[in-house]
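Engineer: Sending over a structure as structure tokens; questions will come in a sec.
The values are calculated or read from the model by the stated rules, or taken from the named source; none is laboratory data. Just so it is clear, the model here is predicted, and its values are computed rather than measured. All Cβ positions, even for glycine, are placed from backbone atoms using ideal geometry, and neighbour counts span all protein chains on display.
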Amino acid sequence: MEIITDFYLFLLSAISLSLTGVMMPGPVFAVTVTRGYKNKIAGTLIALGHGAIEFPLMFLIYLGFAEFFTASTAQKIIGLGGGLILIYMGVQTFKAQRKTNEEYEDSRHGSFVAGALATSANPYFFLWWATIGFTLTLNSSIFGLIGFLLFAITHWSCDLVWDTFVSLTVFKSKRFWTKRVREIVFGFCFVVLVGFGAWFIISTLL
């Protein structure tokens, strides 16, 4: 009984720590907003794309490969490549902002890929998992493989719920957006993507 209580307490702490990262404005958030403008389930698909990167990463950390993601060479490769990808996504966002509502299209395939790209392009995502995520994974392993699996699903569920909420909110509220509001929102997302991309590249080169 006591171990079950301890596990529940661990999950609650994991949810709290997960939400601090999930709800932080960043590349995935920016992509979710822009994709959610056209597709109300874009957030769900983006979370699935995010999970396609995150679940294998969690298993690698569980198996003891966390140090690989803190290696200098790995960080430089992820930072440079990720920065370029984010800048490209930012440019695509800028182009989408210039289109009318009828011209701007989104596909389920596109949202899934966008979620995977925005995730894999963010070196701080890997750094989070190599530090905070590593500690959470280590603590979950105390409860065995089942404990780790439940932790992994719970953590990803935080992404799923938040991303779905964001895209659904954007989609439902867009009819109230003026052209100016749309330009500001897409402009913000453009700045986030390009800004993070440039920051990652500069940080890698310094």
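Engineer: Can you name the residue in the range 167-184 that is among the β-branched types (Val, Ile, Thr) and either over 23 Å from the mean Cα position of the chain (by Cα) or not in a helix (DSSP H, G or I) (or both) and, of all such residues, is surrounded by the most Cβ atoms within 10 Å (Cβ to Cβ)? Don't jump to the end; show me each part of the working.
Structural biologist: Going residue by residue through the range 167-184, those that are among the β-branched types (Val, Ile, Thr) are 169-170, 178, 181, 184.
Filter once more, keeping what is either over 23 Å from the mean Cα position of the chain (by Cα) or not in a helix (DSSP H, G or I) (or both): 178, 181.
Values: 178: 8, 181: 12.
Only one residue fits best here, namely 181.
Engineer: Name the one entry in 52, 66 that is touching a Phe, Trp or Tyr at 6+ places or on another chain (Cβ under 7 Å), under 23 Å from residue 158 (Cβ atoms) and surrounded by fewer than 22 Cβ atoms within 10 Å (Cβ to Cβ). Walk me through how you get there before you give the answer.
Structural biologist: Numbers: 52 fails: touching a Phe, Trp or Tyr at 6+ places or on another chain (Cβ under 7 Å).
Of the residues listed, the single one that is touching a Phe, Trp or Tyr at 6+ places or on another chain (Cβ under 7 Å), under 23 Å from residue 158 (Cβ atoms) and surrounded by fewer than 22 Cβ atoms within 10 Å (Cβ to Cβ) is 66.
Engineer: Would you tally the residues in the range 108-160 being more than 16 Å from the chain's Cα centre (by Cα), assigned to a helix (DSSP H, G or I) and hydrophobic (A, V, I, L, M, F, W, C)? Talk me through it step by step, then tell me what you get.
Structural biologist: Taking the range 108-160 as the starting set, the residues that turn out to be more than 16 Å from the chain's Cα centre (by Cα) are 108-109, 131, 134-151.
From what is left, the residues that are assigned to a helix (DSSP H, G or I) are 108-109, 134-141, 144-151.
This time we only want the ones that are hydrophobic (A, V, I, L, M, F, W, C), so: 134, 136, 138, 145-146, 148-151.
The qualifying residues number 9.
Engineer: If you don't mind, another one. Determine which member of the set 82, 43 is closer than 27 Å to residue 170 by Cβ and modelled with pLDDT of 90 or more. Show your work before the answer.
Structural biologist: Details: 82 fails: modelled with pLDDT of 90 or more.
Result: 43 is the single residue among 82, 43 that is closer than 27 Å to residue 170 by Cβ and modelled with pLDDT of 90 or more.
Engineer: Looking only at the range 123-172, which residues are at pLDDT below 90, closer than 30 Å to residue 92 by Cα and of a type in the set (A, V, I, L, M)?
Structural biologist: Residue satisfying the conditions is 127 alone.
Engineer: Answer with yes or no whether residue 55 is in a helix (DSSP H, G or I), modelled with pLDDT under 90, out of contact with any strand residue (DSSP E or B) (no Cβ under 8 Å at 6 or more places or on another chain) and aromatic (Phe, Trp, Tyr). I'd like the intermediate steps shown before the answer.
Structural biologist: Working: in a helix (DSSP H, G or I): yes; modelled with pLDDT under 90: no; out of contact with any strand residue (DSSP E or B) (no Cβ under 8 Å at 6 or more places or on another chain): yes; aromatic (Phe, Trp, Tyr): yes.
No; evaluated as a whole, the condition is false for this residue.
Engineer: Of all residues in the range 132-170, how many are under 16 Å from residue 22 (Cβ atoms), of a type in the set (Val, Ile, Thr) and free of Cβ contacts under 8 Å to residues at least 60 places away in the same chain?
Structural biologist: Start the filter on the range 132-170 by keeping residues that are under 16 Å from residue 22 (Cβ atoms), which leaves 132-133, 136, 151-169.
Filter once more, so that each one left must be of a type in the set (Val, Ile, Thr): 132, 153-154, 161, 164, 166, 169.
Checking the rest, the ones that are also free of Cβ contacts under 8 Å to residues at least 60 places away in the same chain come to 153, 161.
Residues in the range 132-170 being under 16 Å from residue 22 (Cβ atoms), of a type in the set (Val, Ile, Thr) and free of Cβ contacts under 8 Å to residues at least 60 places away in the same chain: 2 in total.
Engineer: Here's a follow-up. Restricting to the range 20-47, name every residue that is under 23 Å from residue 200 (Cα atoms) and surrounded by fewer than 24 Cβ atoms within 10 Å (Cβ to Cβ).
Structural biologist: Matches in the range 20-47: 20, 21, 22, 23, 24, 25, 26, 29, 33.
Engineer: Could you please let me know if residue 10 is closer than 22 Å to residue 123 by Cβ, touching a residue at least 12 places away in the same chain (Cβ under 8 Å) and aromatic (Phe, Trp, Tyr)?
Structural biologist: Details: closer than 22 Å to residue 123 by Cβ: no; touching a residue at least 12 places away in the same chain (Cβ under 8 Å): yes; aromatic (Phe, Trp, Tyr): yes.
For residue 10, the condition - closer than 22 Å to residue 123 by Cβ, touching a residue at least 12 places away in the same chain (Cβ under 8 Å) and aromatic (Phe, Trp, Tyr) - is not met.
Engineer: Which residue, of 77, 46, is farther than 30 Å from residue 147 by Cβ and either outside any loop (DSSP other than H, G, I, E, B) or without any contact (Cβ under 8 Å) to a residue 60 or more places away in the chain (or both)? Give the derivation first.
Structural biologist: On the way: 46 fails: farther than 30 Å from residue 147 by Cβ.
Only one candidate passes the filter, namely 77.
Engineer: Let me ask another. Please indicate, with yes or no, whether at least one residue in the range 104-122 is modelled with pLDDT under 90 and among the β-branched types (Val, Ile, Thr).
Structural biologist: The answer is no, given that none of the residues of the range 104-122 is modelled with pLDDT under 90 and among the β-branched types (Val, Ile, Thr).
Engineer: Out of the residues in the range 171-188 that are free of Cβ contacts under 8 Å to residues at least 60 places away in the same chain and among the aliphatic types (A, V, I, L, M), state the one that is nearest to residue 23 (Cα to Cα).
Structural biologist: Keep residues of the range 171-188 that are free of Cβ contacts under 8 Å to residues at least 60 places away in the same chain, which gives 173, 175-181, 184.
When the remaining residues are screened for being among the aliphatic types (A, V, I, L, M), the result is 181, 184.
Details: 181: 22, 184: 20 Å.
It comes out as 184.
Engineer: From 196, 176, 148, which residue is touching a Leu at 6+ places or on another chain (Cβ under 8 Å) and of a type outside the set (Lys, Arg)? Step through it out loud before you land on a result.
Structural biologist: Values: 176 fails: touching a Leu at 6+ places or on another chain (Cβ under 8 Å); 148 fails: touching a Leu at 6+ places or on another chain (Cβ under 8 Å).
Within the list 196, 176, 148, the selection yields 196.
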